[in-house]
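In what follows, a single structure is set out as C-alpha cells and then discussed.
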Amino acid sequence: MNIYRKWGVEPIINACGSVTRLGGAPMSSEVLDSFCEAASEWVSLEQLQAAASRKIAEHTGTEAGLVTSGSAGALTLGAAAILAGHDLRRMEQLPHCEHFPHEFIIAREQRSGYDHAVRASGARLVEVGFNEIVSNAGVRRTEQWEYAAAITENTAGIVYVHAEDSLPALKDVVEVGNQHGIPVLVDAAGEVPPRSNLKAIAATGADLVSFSGGKAIRGPQSTGLLCGTRELISSAALQMLDMDDHSQLWQPPADFIDTTLFQGLPRHGIGRALKVSKEEIVAVLTALDLFVSGAYDAQNLEFRSWLEMIGEELELANVNATCYLIVPESSERWPQLEIQIDESAVGTAFEVCQKLRQGSPPVYVGHARLHEGLLTINPLCLTADYARILAKRLCEVLK
Ligand SMILES: *Cc1c(COP(=O)(O)O)cnc(C)c1O
C-alpha cells in the first residue's frame, strides 16, 4: 500500500465493492500481467479495437463491439452513433444537433446522474411516464404505449436503463423502437452477473448495449464495453478513434468500419476525448474472458468465509449490532454481510460510518441503507488481511 503514501494519500479498506469513487474492482494477476505485456509493444488502435470488436461480439452474441471509457463513455458514443450514423457532417457538428433528429426518449423513473453521459453527445432527453410510486401518488410504472406516444419527427433514439425489475420489459420497448425505426440504447453497466445477461440483454433486439468493464468483469475501472449492430459500432468507432491520417493510407478492418457508408475521412470526433489505451483494451478483454469462463466464481466461497469470520468476531465482542449473512442462490454472485446497529447505543449509522472513514486505517462500508441503521460489507475488494482489520475496526466502533 506504500505507493499511495508516497503521494501523501492514505490507502483505505474498501468494503463497498467496485464503486468508482473508491477505485473500482480488483484486477486478477492475469489481467495485470496482460496490461504490462501490452505496454511493451505498439499496435494500430483501429486493428486492436477491431479484434476487441470480434471478441466482444462473440461474448455478447452481437455483430460488433468497442472498448470504451467506462459504460458512461459507451453511452456518449452510443448516442453519438445514433445521432450521426455515417453522416460525416453530423459527426463534425456534434454536440450541436438541433437541425436533425436529436431527442432520446427515457422513462422518468430511469433518470439518474448518468444522463449526462447521453446528453454529452448533444442528445436531448424527453421523459415519458411518472415516478408516482415513489411519490406515493399512484400505483403504475411506465408503460409501453407511453414510449410509442412520445415518438415525433425529432426522435432519434430511446435510452433504457436495465435493472432486474425495470418496467416495461426491455423487449416491449424494443418492439416500439422496431415499429418506428428508432434504435434503443441500453445502459446495462452493472447488470452482470449473471453472465447470461451479456447475451440476454442484446438478444432482446436492442441496437446498442453498454457494460462497465471495471465492475464485476474486473477489468481496469476506466473501461467499458459497447456492443450492438455493426453499423452503429462502426459509427461509434469512427467518432472515437484518432483520425489524424491520410485517406489514401487509412485502411481500417472492413468488418469493423464500413468505409462504403461514407465518402472522405472524418476528423477527430466527439469521442476523441473518451480514448482508451492499448493496455486498457487488452486488460479488459483478458478480464472479459476470465469473467465469461466463470473463473471468479470459486472466490465467492472464500468471500463467505471472511464475512462469517467478521460476524463471529462481532458476536464474540458482544457489540451493539446484529449481523446477517446474505448468501445469494446463484454461485456467480458474492455474499454480503448486513450489520444492523443499535443506534441508541452507538449513535446513528451515519455517525458510525463517518467514524469508520475517519479512523486508521480508513474503512469505507456500504452506505446504501444507513437510513435503516444498516451497514453493508461487500467483500469484493477485501483480502484476508483486510477482513481481519475490518473486523477489529468494526468491533471498536460498535462496542
Ligand atoms: C456504474 C454505472 C454507470 C457508469 O459505468 P462506468 O463504467 O463507471 O462508466 C452507468 N450507469 C449505471 C446504471 C451504472 O450503475
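Worth pointing out:
- If the condition is being aliphatic (A, V, I, L, M) and either closer than 14 Å to L301 by Cβ or out of contact with any strand residue (DSSP E or B) (no Cβ under 6 Å at 6 or more places or on another chain) (or both), then the range 316-344 contributes L316, A317, V319, L325, V327.
- Selection of strands (runs of 3 or more DSSP E) fully inside the range 29-143 by the criterion of at least 1 residues being surrounded by fewer than 15 Cβ atoms within 10 Å (Cβ to Cβ) and without any contact (Cβ under 8 Å) to a residue 40 or more places away in the chain returns 124-128.
- Of the candidates H59, H96, H86, H102, the single residue that is farther than 27 Å from T142 by Cα and either within 16 Å of the ligand (Cβ to nearest atom) or in contact with a Lys or Arg (Cβ under 9 Å, 6 or more places away or on another chain) (or both) is H59.
- Condition met for V159 (of a type outside the set (D, E), crowded, with 17+ Cβ neighbours inside 10 Å and within 12 Å of the ligand (Cβ to nearest atom)): yes
- In the range 168-193, the residues that are away from the ligand (no atom under 16 Å from the Cβ) and either assigned by TED's automatic domain parsing to the domain that holds S331 or in a loop (DSSP other than H, G, I, E, B) (or both): P168, A169, G181, I182, P183
- Count - residues of the range 199-210 that are more than 14 Å from S53 (Cα to Cα) and either in a loop (DSSP other than H, G, I, E, B) or within 15 Å of the ligand (Cβ to nearest atom) (or both): 4
- Considered as a group, the residues in the range 219-234 that are more than 12 Å from the ligand (Cβ to nearest atom) and farther than 11 Å from A74 by Cα include one that is surrounded by the most Cβ atoms within 10 Å (Cβ to Cβ), and that residue is G228.
- Residue count for the range 62-83 satisfying the condition of being hydrophobic (A, V, I, L, M, F, W, C) and within 15 Å of the ligand (Cβ to nearest atom): 7.
- If you go through the range 329-352 and pick out every residue that is buried (at least 20 other Cβ atoms within 10 Å of the Cβ) and assigned to a helix (DSSP H, G or I), you end up with 2.
- Selected residue (criterion: farthest from the chain's Cα centre (by Cα)) from residues of the range 215-258 that are closer than 30 Å to Y296 by Cβ, β-branched (V, I, T) and in a loop (DSSP other than H, G, I, E, B): T229
- Single condition P379 does not satisfy, out of (1) outside the structural domain of E46 (by TED's automatic domain parsing); (2) in contact with a Phe, Trp or Tyr (Cβ under 6 Å, 6 or more places away or on another chain); (3) surrounded by fewer than 19 Cβ atoms within 10 Å (Cβ to Cβ): (3)
The values are calculated or read from the model by the stated rules, or taken from the named source; none is laboratory data. What you are looking at is a predicted structure, and each value in this text was computed from that prediction instead of being measured. Methodologically, a virtual Cβ is constructed for each residue, glycine included, from the backbone with ideal geometry; neighbour enumeration extends over all protein chains shown.
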